[in-house]
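See below for the structure under consideration.
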């Protein structure tokens, strides 16, 4: 008979509740945001010039606060475990950095939406927007990087320390798909040219990545919620006692069959890693099919934006030769070879020159 860890339920509850505001961008279809979900950044929802931006900034702040509390509760207990589970410590530390990145996104919003506002895009390229706009890019990039590390480390800890059974099953596929979605997002961002983000599926790629991260966070929360801990009562005097090497959020099993057969941690870790890379490879194959179409669409849109002629358009001939006759005087002054004294003598200097 087992009992839940003392902090399993609080940590799990904070993760689940934090996932809700983290996914608040799903409400954009119900609000007049003026953005296209297929082509716009999710961060543009909280830009200062967007309607309802305060709601999305508040959701980012709430998600960052809840994730910070969850990781802040779990990390000290992992640090006190003997021996210390390094992968679990790494995972919770990365989640703390991810939470700080979400708080930074809320406190340092974008000034405008460059995918829909050409003037905003021009100012962003020239570096003339406020510091908060540029800082938001840094916090978003840091959040994306740390959340991937924060997902990889707990997945490895689940197999290496034999904890969190649900994460052992679902963590690998979700993480592989999340890495594939990140690659898709980066590729769509790089392919964005003079035609802007409307020429690719940058918004769709980023939103797919956020959905997968939310699904992984939910799987982690459910795994922690159902994980027993040490302090279990053995069924008989001959039953092995739980080992003290696991942290308060670690699953410890006390049956004879599992205790008599030592777990090859390295082998399970390798299997989990191979499974994640296998799913990521499948996602990369799917991307290799979708990315050529994205690139062709981007090239076509850039050519149209640059004003290049279409193959079906007939070339037109324009007469650009200068007019034949005496030189005329423009409104910006007489021509160099004009005698100003002669003009004054004839009185022609008072005549208004034609517009050039």
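Quick notes
- Matching residues in the stretch 127-155 - criterion: being more than 20 Å from residue 94 (Cβ to Cβ), in contact with a helix residue (DSSP H, G or I) (Cβ under 8 Å, 6 or more places away or on another chain) and surrounded by fewer than 19 Cβ atoms within 10 Å (Cβ to Cβ): 127, 129, 135
- Here the condition is being free of Cβ contacts under 8 Å to residues at least 24 places away in the same chain and either buried (at least 21 other Cβ atoms within 10 Å of the Cβ) or in contact with a helix residue (DSSP H, G or I) (Cβ under 7 Å, 6 or more places away or on another chain) (or both); of 19, 90, 33, 39, it holds for 33 alone.
- Flag if residue 193 is touching a helix residue (DSSP H, G or I) at 6+ places or on another chain (Cβ under 9 Å) and modelled with pLDDT of 90 or more: no
- Condition met for residue 50 (surrounded by fewer than 18 Cβ atoms within 10 Å (Cβ to Cβ), at negative phi and at pLDDT below 95): no
- Residues that are surrounded by 17 or more Cβ atoms within 10 Å (Cβ to Cβ) and either part of a helix (DSSP H, G or I) or out of contact with any helix residue (DSSP H, G or I) (no Cβ under 8 Å at 6 or more places or on another chain) (or both) were ranked within the stretch 6-16; the one that is modelled with the lowest pLDDT is 8.
- Within the stretch 97-119, the set of residues being in a helix (DSSP H, G or I) and within 23 Å of residue 60 (Cα to Cα) comprises 97, 98, 99, 100, 101, 102, 103, 104, 105, 106, 107.
The values are calculated or read from the model by the stated rules, or taken from the named source; none is laboratory data. Note that the structure is predicted; figures quoted are calculated from it, not measured. As a convention, Cβ positions derive from the backbone with ideal geometry for all residues, glycine included, and neighbour counts pool all protein chains shown.
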